[in-house]
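Note sheet for the following structure.
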Amino acid sequence: MKNIFYFIAILILGSSQTALAQWEGQKFMSGSASIMFNNNNPDLQKSSNNYGYSFNVGLGKFKTSTRASGWNLNTSLSGSKQNFTTNNNGIPTNNEKNGINGFGVGVGRFWQFYKHFNEKVGIFVGPDVSVRYNNSSQYSNAGDGVSLIKTKTNVVSLSAGLSAGLYYKLSEKWWITGNIAVSNFVNTNYSIVKSGPDNRDYDISQKAFNYEFSPSFQFPSVGFGVRYFL
(Lines give C-alpha, C1' and ligand atoms only; values in the text may rest on other atoms or scores of the structure.)
Protein backbone atom coordinates (compact mmCIF):
# COMPACT_ATOMS: atom_id res chain seq x y z
CA MET A 1 0.00 0.00 0.00
CA LYS A 2 2.79 2.42 0.88
CA ASN A 3 4.33 1.82 -2.54
CA ILE A 4 1.28 3.42 -4.15
CA PHE A 5 1.77 6.58 -2.12
CA TYR A 6 5.50 6.71 -2.87
CA PHE A 7 4.75 6.25 -6.58
CA ILE A 8 2.41 9.25 -6.47
CA ALA A 9 5.05 11.35 -4.71
CA ILE A 10 7.68 10.44 -7.30
CA LEU A 11 5.34 11.43 -10.13
CA ILE A 12 4.70 14.81 -8.58
CA LEU A 13 8.19 15.63 -7.35
CA GLY A 14 9.99 14.18 -10.35
CA SER A 15 12.30 16.04 -12.67
CA SER A 16 9.59 17.20 -15.06
CA GLN A 17 8.37 20.66 -14.08
CA THR A 18 6.27 21.27 -17.19
CA ALA A 19 2.59 21.92 -16.50
CA LEU A 20 -0.03 21.68 -19.19
CA ALA A 21 -2.02 24.49 -17.59
CA GLN A 22 -0.69 27.67 -16.04
CA TRP A 23 -2.22 27.81 -12.57
CA GLU A 24 0.28 30.18 -10.95
CA GLY A 25 -1.47 32.92 -8.97
CA GLN A 26 -4.92 31.28 -9.19
CA LYS A 27 -7.01 31.43 -6.01
CA PHE A 28 -9.59 28.77 -5.22
CA MET A 29 -12.27 27.73 -2.77
CA SER A 30 -12.97 24.09 -2.04
CA GLY A 31 -15.61 22.40 0.04
CA SER A 32 -17.24 19.18 1.10
CA ALA A 33 -20.30 18.40 3.16
CA SER A 34 -22.12 15.45 4.68
CA ILE A 35 -25.53 15.28 6.35
CA MET A 36 -26.74 12.34 8.42
CA PHE A 37 -30.17 11.39 9.71
CA ASN A 38 -31.61 8.08 10.81
CA ASN A 39 -34.79 7.19 12.62
CA ASN A 40 -35.70 4.10 14.62
CA ASN A 41 -39.41 3.52 15.25
CA PRO A 42 -39.98 0.02 16.73
CA ASP A 43 -43.49 -1.28 17.33
CA LEU A 44 -43.22 -1.76 21.10
CA GLN A 45 -40.82 1.02 22.06
CA LYS A 46 -40.61 4.76 21.74
CA SER A 47 -38.95 6.16 18.63
CA SER A 48 -35.38 7.46 18.58
CA ASN A 49 -33.24 9.26 16.03
CA ASN A 50 -29.78 10.62 15.29
CA TYR A 51 -28.84 13.54 13.05
CA GLY A 52 -25.85 15.70 12.23
CA TYR A 53 -23.74 17.45 9.66
CA SER A 54 -20.09 18.03 8.78
CA PHE A 55 -18.86 20.92 6.62
CA ASN A 56 -15.36 21.66 5.38
CA VAL A 57 -14.31 24.81 3.50
CA GLY A 58 -10.85 25.52 2.14
CA LEU A 59 -9.24 28.64 0.69
CA GLY A 60 -6.00 28.30 -1.26
CA LYS A 61 -3.72 29.74 -3.88
CA PHE A 62 -1.34 28.27 -6.46
CA LYS A 63 2.13 29.66 -5.71
CA THR A 64 3.40 28.02 -8.90
CA SER A 65 1.70 25.78 -11.47
CA THR A 66 2.57 22.72 -9.37
CA ARG A 67 2.45 24.03 -5.79
CA ALA A 68 -0.47 25.40 -3.75
CA SER A 69 -1.17 26.18 -0.11
CA GLY A 70 -4.07 27.44 1.94
CA TRP A 71 -6.33 27.14 4.96
CA ASN A 72 -9.16 24.80 5.94
CA LEU A 73 -12.09 25.51 8.25
CA ASN A 74 -14.37 22.70 9.35
CA THR A 75 -17.33 22.34 11.67
CA SER A 76 -19.63 19.54 12.73
CA LEU A 77 -22.75 19.12 14.83
CA SER A 78 -24.72 16.12 16.06
CA GLY A 79 -27.94 15.55 17.94
CA SER A 80 -30.35 12.80 18.88
CA LYS A 81 -33.54 11.75 20.58
CA GLN A 82 -32.97 8.83 22.94
CA ASN A 83 -35.07 7.01 25.51
CA PHE A 84 -33.69 5.49 28.70
CA THR A 85 -35.65 3.35 31.16
CA THR A 86 -34.96 3.59 34.87
CA ASN A 87 -36.61 1.70 37.71
CA ASN A 88 -37.64 3.55 40.85
CA ASN A 89 -39.20 1.34 43.52
CA GLY A 90 -39.87 -1.27 40.84
CA ILE A 91 -41.75 1.16 38.61
CA PRO A 92 -40.22 1.61 35.12
CA THR A 93 -39.90 5.24 34.05
CA ASN A 94 -39.03 6.48 30.58
CA ASN A 95 -36.49 9.31 30.34
CA GLU A 96 -36.37 11.08 26.99
CA LYS A 97 -33.24 13.02 26.08
CA ASN A 98 -33.64 15.16 22.99
CA GLY A 99 -31.35 17.81 21.51
CA ILE A 100 -27.83 18.71 20.43
CA ASN A 101 -25.19 16.45 21.96
CA GLY A 102 -22.04 17.27 20.02
CA PHE A 103 -20.24 20.16 18.35
CA GLY A 104 -16.82 20.57 16.78
CA VAL A 105 -14.82 23.25 15.00
CA GLY A 106 -11.32 23.24 13.58
CA VAL A 107 -8.83 25.15 11.47
CA GLY A 108 -5.91 23.82 9.47
CA ARG A 109 -3.10 24.70 7.09
CA PHE A 110 -2.32 22.63 3.98
CA TRP A 111 0.38 22.42 1.30
CA GLN A 112 -0.15 20.55 -1.99
CA PHE A 113 2.15 19.51 -4.84
CA TYR A 114 0.60 18.71 -8.22
CA LYS A 115 1.25 16.60 -11.30
CA HIS A 116 -0.95 17.66 -14.24
CA PHE A 117 -1.29 14.74 -16.67
CA ASN A 118 -3.26 16.76 -19.23
CA GLU A 119 -5.70 19.67 -19.37
CA LYS A 120 -8.35 17.71 -17.44
CA VAL A 121 -6.74 15.31 -14.97
CA GLY A 122 -4.03 15.46 -12.34
CA ILE A 123 -2.99 14.24 -8.89
CA PHE A 124 -1.69 15.98 -5.78
CA VAL A 125 0.00 15.12 -2.49
CA GLY A 126 0.99 17.16 0.52
CA PRO A 127 1.14 17.64 4.30
CA ASP A 128 -1.33 19.40 6.56
CA VAL A 129 -1.61 20.48 10.19
CA SER A 130 -4.79 21.25 12.11
CA VAL A 131 -6.16 22.14 15.53
CA ARG A 132 -9.68 21.22 16.57
CA TYR A 133 -12.09 21.54 19.50
CA ASN A 134 -14.88 19.00 20.19
CA ASN A 135 -17.60 19.04 22.80
CA SER A 136 -20.01 16.16 23.46
CA SER A 137 -22.64 15.14 26.01
CA GLN A 138 -23.87 11.58 26.48
CA TYR A 139 -26.28 9.73 28.75
CA SER A 140 -26.21 6.14 29.97
CA ASN A 141 -27.97 3.98 32.54
CA ALA A 142 -26.31 3.68 35.93
CA GLY A 143 -25.33 0.22 37.09
CA ASP A 144 -28.12 0.13 39.68
CA GLY A 145 -30.75 0.84 37.01
CA VAL A 146 -32.25 3.59 39.15
CA SER A 147 -30.67 6.70 37.68
CA LEU A 148 -29.01 8.09 34.57
CA ILE A 149 -25.38 9.09 34.25
CA LYS A 150 -24.50 12.17 32.19
CA THR A 151 -21.01 12.53 30.72
CA LYS A 152 -19.60 15.71 29.21
CA THR A 153 -16.36 15.65 27.20
CA ASN A 154 -14.22 18.54 25.96
CA VAL A 155 -11.27 17.77 23.70
CA VAL A 156 -8.64 20.02 22.10
CA SER A 157 -6.53 18.20 19.52
CA LEU A 158 -3.53 18.99 17.33
CA SER A 159 -2.69 16.75 14.38
CA ALA A 160 -0.36 16.53 11.40
CA GLY A 161 -0.91 14.34 8.37
CA LEU A 162 -0.26 13.63 4.74
CA SER A 163 -2.83 13.09 2.00
CA ALA A 164 -3.01 12.34 -1.71
CA GLY A 165 -5.82 12.93 -4.17
CA LEU A 166 -6.82 13.51 -7.74
CA TYR A 167 -8.80 16.11 -9.65
CA TYR A 168 -10.91 16.31 -12.78
CA LYS A 169 -11.46 19.68 -14.47
CA LEU A 170 -15.11 20.30 -15.37
CA SER A 171 -14.63 23.85 -16.66
CA GLU A 172 -12.37 26.87 -16.23
CA LYS A 173 -14.01 27.54 -12.86
CA TRP A 174 -14.87 24.10 -11.47
CA TRP A 175 -12.93 20.97 -10.41
CA ILE A 176 -14.08 17.74 -8.83
CA THR A 177 -11.55 16.40 -6.32
CA GLY A 178 -11.21 13.01 -4.65
CA ASN A 179 -9.02 11.63 -1.88
CA ILE A 180 -7.16 8.37 -2.56
CA ALA A 181 -4.89 8.09 0.50
CA VAL A 182 -4.54 9.71 3.90
CA SER A 183 -2.27 9.45 6.94
CA ASN A 184 -2.71 11.21 10.29
CA PHE A 185 0.74 10.29 11.52
CA VAL A 186 0.85 12.62 14.56
CA ASN A 187 -2.09 13.28 16.86
CA THR A 188 -2.09 14.90 20.30
CA ASN A 189 -5.10 15.83 22.39
CA TYR A 190 -6.01 17.16 25.80
CA SER A 191 -9.37 16.07 27.20
CA ILE A 192 -11.54 16.90 30.20
CA VAL A 193 -14.28 14.38 31.02
CA LYS A 194 -16.93 15.13 33.64
CA SER A 195 -19.65 12.73 34.76
CA GLY A 196 -22.31 12.38 37.40
CA PRO A 197 -25.98 11.57 38.04
CA ASP A 198 -28.43 13.39 35.79
CA ASN A 199 -30.25 15.09 38.66
CA ARG A 200 -27.23 16.92 40.13
CA ASP A 201 -23.91 18.56 39.24
CA TYR A 202 -20.97 16.60 37.90
CA ASP A 203 -19.07 14.91 40.74
CA ILE A 204 -16.26 13.19 38.77
CA SER A 205 -13.70 15.02 36.62
CA GLN A 206 -10.85 13.43 34.69
CA LYS A 207 -8.12 15.13 32.66
CA ALA A 208 -5.84 13.40 30.19
CA PHE A 209 -3.16 14.16 27.64
CA ASN A 210 -2.72 11.66 24.80
CA TYR A 211 -0.10 11.38 22.10
CA GLU A 212 -0.14 9.05 19.10
CA PHE A 213 2.44 8.53 16.38
CA SER A 214 1.22 6.28 13.58
CA PRO A 215 3.21 6.52 10.31
CA SER A 216 0.79 4.46 8.24
CA PHE A 217 -1.48 5.15 5.28
CA GLN A 218 -5.09 4.24 4.57
CA PHE A 219 -5.80 3.03 1.03
CA PRO A 220 -8.26 3.85 -0.31
CA SER A 221 -9.59 6.81 1.63
CA VAL A 222 -12.52 7.80 -0.55
CA GLY A 223 -13.93 11.30 -0.24
CA PHE A 224 -15.18 13.72 -2.87
CA GLY A 225 -15.36 17.50 -2.98
CA VAL A 226 -15.62 20.44 -5.35
CA ARG A 227 -13.26 23.33 -6.06
CA TYR A 228 -14.18 26.74 -7.46
CA PHE A 229 -11.57 29.14 -8.87
CA LEU A 230 -12.07 32.76 -7.86
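The values are calculated or read from the model by the stated rules, or taken from the named source; none is laboratory data. Since this is a predicted model, take the numbers as computed values, not measurements. We place every Cβ from the backbone using ideal geometry, glycine too, and count neighbours over all the protein chains shown.
Scanning region 22-42 for residues that are free of Cβ contacts under 8 Å to residues at least 12 places away in the same chain and either assigned to a strand (DSSP E or B) or in contact with a Lys or Arg (Cβ under 6 Å, 6 or more places away or on another chain) (or both) yields 39, 40.
Within region 167-203, being hydrophobic (A, V, I, L, M, F, W, C) and crowded, with 17+ Cβ neighbours inside 10 Å holds for 175, 180, 181, 182. Contact map, region 132-160: residues that are under 14 Å from residue 188 (Cβ atoms) paired with residues that are of a type in the set (Lys, Arg), Cβ distance under 6 Å, separation 6+ or inter-chain. Pairs shown: 157/132. Residues in region 215-230 that are at pLDDT 75 or above and either not small (Gly, Ala, Ser) or not in a strand (DSSP E or B) (or both): 224, 226, 227, 228, 229, 230. Screening 117, 103 for residues that are surrounded by fewer than 17 Cβ atoms within 10 Å (Cβ to Cβ) and farther than 30 Å from residue 168 by Cβ leaves exactly one candidate, 103. For the residues 164, 208, the requirement of being over 26 Å from residue 31 (Cα atoms), part of a strand (DSSP E or B) and aliphatic (A, V, I, L, M) singles out 208. Every condition in (1) aromatic (Phe, Trp, Tyr); (2) touching a helix residue (DSSP H, G or I) at 6+ places or on another chain (Cβ under 9 Å); (3) within 30 Å of residue 49 (Cβ to Cβ) is met by residue 113 except one, and the failing one is (3). Looking at 127, 92, just one residue is touching a strand residue (DSSP E or B) at 6+ places or on another chain (Cβ under 8 Å) and loosely packed, with under 13 Cβ neighbours inside 10 Å, and that residue is 92. Residues of region 167-205 that are among the polar types (S, T, N, Q) and part of a strand (DSSP E or B): 177, 179, 183, 184, 187, 188, 189, 191, 195, 205.
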